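Following: one structure in structure tokens, then a few remarks.
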Amino acid sequence: MPAEGEPVLIEIAALTKRFGGFTAVDDVSFSVARGEVLGFLGPNGAGKSTTMRMLAGFMIPTSGVARICGHDVQADGIAARRALGFLPEGAPTYPEMTVGGFLTFCAKVRGFGRKELAQRIDHAVTLTRLESVMLQPVETLSKGFKRRVGLAQALLHDPPVLVLDEPTDGLDPNQKHEVRALIAQMAPHKAIVISTHILEEVDAVCSRAIIIAAGRIVADETPQDLMGRHPSGRLEDVFRQLTTEVA
Amino acid sequence: MRNVFIVAKRELAAYFATPVASVFIVIFLVLQGALTFNLGGFFDRGQADLNPFFTFIPWVFLLLVPAITMRLWAEERRLGTIELLLTLPITQLQAVVGKFLAAWAFCAIALALTFPFVITVNILGNPDNGVIASGYVGSLLVAGAFLSVGSALSALTKNQVIAFVLAVAVCFVFAVASYPVVTDFLSRNTPVLADIARRIAVIDRFQDFTRGVVSLRDLIFFATFIGFWLFLNAVIIEQRKAD
């Protein structure tokens, strides 16, 4: 249910991915408008990462289309990827590069010239609080810092669409709070999709939640409506109820 | 083109950020030196040329070039960084060519460090430096040919050992394709293939260069060979980037 009057920036239509006989994602459709933060929930192996990979244009869908800002991610991939900030699962980065070197590489590929490049990196580094580790090789960093390097890379070009696969995984409670605050702060100007296992996060930052189980969407509503589905009013119980029925 | 160079620069820096670069260069120079002096009889021949040097270089490359290329894509797959690289706004081909150019530049650096051989023959005699130069051009092209094969095969797997072994095997086939052991066998059974084998043999083409002959035909051969494998590399990445 995209917000009234805001442009739809992410469109997924009948996306399906099969690996041999196994259907990982089965006819998934949704769209996200600017100003929305969509929480993408589901048990492990439900197809969250597969859907996000197809949305980022990394995985080729068996059928269906994904569009970012109107650009088909397969047919018009470069334009779609320009508008996208993507944090892949596990926040992969080149281990031998320094944080500064890595972000410079990403910013250059994004087409920023000297002066703007420095500003963009400064801005992303301030948002993710990486100032103290700029000269360290990524492989020497803690899990939390690595995750934030991945996040900084996704924010460099201030993209209208953000797709973050488990952005708070491996962060301590304070860092989690900071990342959530950051997402909430950016929310009005972007369409954001985050996947997570942490249900309190959905309540804290998401304006809408989709629960996916065995490759299918089993719920797509606001966190408040979702909580109303179970007498206890707890998201945890709703999640268990919805995802164990199918599996 | 800009993206190609950005990728190439990062990749080249990655070689030097790890011990890969120094280990490779040292082993390459020691091996190449030992073969040239001992097996090649560099001094005993009493001739002012680099023939013993160029005789061994394709075989040294056969062994060592796959060690440079094995990580190009297999490592990206293992670390998951391929997902990052290919969701940046660059095309697969730009990434493929960028990585290849970085590996090629690295080989060029290693090759350039064999300059003491050139100085030595020039001090001891009056060699034909034109022949030496064309030999170096040929060496660089052989390295490029093997690199393109290794890079494409590295895209098939996330295991660097598999990438290395496959690359050595396939490069070996292209190296010895014109040798009697292959062509005799083929001409007995399928004469058409024997003719093809003679034409695609990398070592044969290289020998023209070591005689000081730089022909357009050979240059086109190497350009086509490298182009074909890089194209194949891009196709492999496109088809199985997420596997």
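Residue by residue, here is whether (1) within 27 Å of B:Phe174 (Cα to Cα); (2) basic (Lys, Arg); (3) within 14 Å of chain A (Cβ to nearest Cβ); (4) surrounded by 15 or more Cβ atoms within 10 Å (Cβ to Cβ) holds:
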{"residue": "B:Arg2", "(1), (2), (3), (4)": "no, yes, yes, no"}
{"residue": "B:Tyr15", "(1), (2), (3), (4)": "yes, no, yes, yes"}
{"residue": "B:Ile25", "(1), (2), (3), (4)": "yes, no, no, yes"}
{"residue": "B:Phe28", "(1), (2), (3), (4)": "yes, no, no, yes"}
{"residue": "B:Arg45", "(1), (2), (3), (4)": "no, yes, no, no"}
{"residue": "B:Asp49", "(1), (2), (3), (4)": "yes, no, no, yes"}
{"residue": "B:Val60", "(1), (2), (3), (4)": "yes, no, no, yes"}
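Considering only residues in segment A:72-103 that are among the charged types (D, E, K, R) and within 9 Å of chain B (Cβ to nearest Cβ), the one that is nearest to B:Arg10 (Cα to Cα) turns out to be A:Glu96. Residues in segment A:194-247 that are polar (S, T, N, Q) and under 18 Å from the mean Cα position of the chain (by Cα): A:Ser195, A:Thr196, A:Ser207, A:Thr222.
Assess whether B:Ala163 counts as being in contact (Cβ under 8 Å) with a residue 40 or more places away in the chain, within 14 Å of chain A (Cβ to nearest Cβ), under 30 Å from B:Glu83 (Cβ atoms) and not charged (D, E, K, R). For B:Ala163, the condition - in contact (Cβ under 8 Å) with a residue 40 or more places away in the chain, within 14 Å of chain A (Cβ to nearest Cβ), under 30 Å from B:Glu83 (Cβ atoms) and not charged (D, E, K, R) - is not met. Scanning segment A:229-243 for residues that are in a helix (DSSP H, G or I) and touching an Asp or Glu at 6+ places or on another chain (Cβ under 8 Å) turns up just one, A:Leu235. The residues of segment A:21-69 that are within 14 Å of chain B (Cβ to nearest Cβ) and among the basic types (Lys, Arg) amount to a single one, A:Arg53. The listed residues are A:Lys115, A:Lys190, A:Lys108, and the only one of them that is over 29 Å from A:Asp72 (Cα atoms) and of a type in the set (Lys, Arg) turns out to be A:Lys115. Whenever a residue of segment A:48-62 is on the phi > 0 side of the Ramachandran plot, its partners that are among the polar types (S, T, N, Q) and modelled with pLDDT under 95, lying with C-beta atoms within less than 7 angstrom and at least six residues away or across chains, give the pairs A:Gly57/A:Gln74; A:Gly57/B:Thr87. Pairing each residue of segment A:106-120 that is within 11 Å of chain B (Cβ to nearest Cβ) and closer than 18 Å to B:Met1 by Cβ with any residue that is among the aromatic types (Phe, Trp, Tyr) and surrounded by fewer than 14 Cβ atoms within 10 Å (Cβ to Cβ), provided the two are 6+ apart or on different chains, yields no C-beta distance under 7 Å. For segment B:195-233, enumerate the residues that are buried (at least 19 other Cβ atoms within 10 Å of the Cβ), part of a helix (DSSP H, G or I) and not β-branched (Val, Ile, Thr). The answer is B:Ala197, B:Arg205, B:Phe206, B:Phe209, B:Asp218, B:Phe221, B:Phe222, B:Phe225, B:Trp229, B:Leu230, B:Asn233. Filtering segment B:173-190 for residues that are among the acidic types (Asp, Glu), more than 30 Å from B:Leu85 (Cβ to Cβ) and surrounded by 15 or more Cβ atoms within 10 Å (Cβ to Cβ) leaves an empty set. Counting only residues that are touching a residue at least 60 places away in the same chain (Cβ under 8 Å) and either part of a loop (DSSP other than H, G, I, E, B) or not small (Gly, Ala, Ser) (or both), segment A:198-220 holds 15 of them. Residue-level check: of (1) more than 13 Å from chain B (Cβ to nearest Cβ); (2) farther than 30 Å from A:Gly47 by Cβ, A:Gly144 misses just (2).
For segment B:191-226, a residue qualifies if it is in contact (Cβ under 8 Å) with a residue 60 or more places away in the chain and closer than 30 Å to B:Thr87 by Cα, and the qualifying residues are B:Phe225, B:Ile226.
Does B:Ile82 satisfy the condition of being touching an Asp or Glu at 6+ places or on another chain (Cβ under 7 Å), under 28 Å from B:Val173 (Cβ atoms) and modelled with pLDDT under 95? Answer is yes for this residue. Within segment A:37-51, is there a residue that is part of a helix (DSSP H, G or I), β-branched (Val, Ile, Thr) and farther than 19 Å from A:Asp165 by Cβ? No, there is no match, as no residue in segment A:37-51 is part of a helix (DSSP H, G or I), β-branched (Val, Ile, Thr) and farther than 19 Å from A:Asp165 by Cβ. Flag not set for A:Gly170, criterion: within 11 Å of chain B (Cβ to nearest Cβ) and either of a type in the set (S, T, N, Q) or in a loop (DSSP other than H, G, I, E, B) (or both). Looking at the structure I just gave you, is B:Ala74 small (Gly, Ala, Ser), within 14 Å of chain A (Cβ to nearest Cβ) and buried (at least 18 other Cβ atoms within 10 Å of the Cβ)? No, not satisfied. Every test in (1) within 14 Å of chain A (Cβ to nearest Cβ); (2) free of Cβ contacts under 8 Å to residues at least 24 places away in the same chain; (3) under 16 Å from the mean Cα position of the chain (by Cα) is passed by B:Ala112 save one, and that test is (1).
The values are calculated or read from the model by the stated rules, or taken from the named source; none is laboratory data. Note that the coordinates shown come from a computational prediction; the quantities given were computed from them, not determined experimentally. Cβ atoms come from the backbone with ideal geometry, glycine included; neighbour counts cover every protein chain shown.
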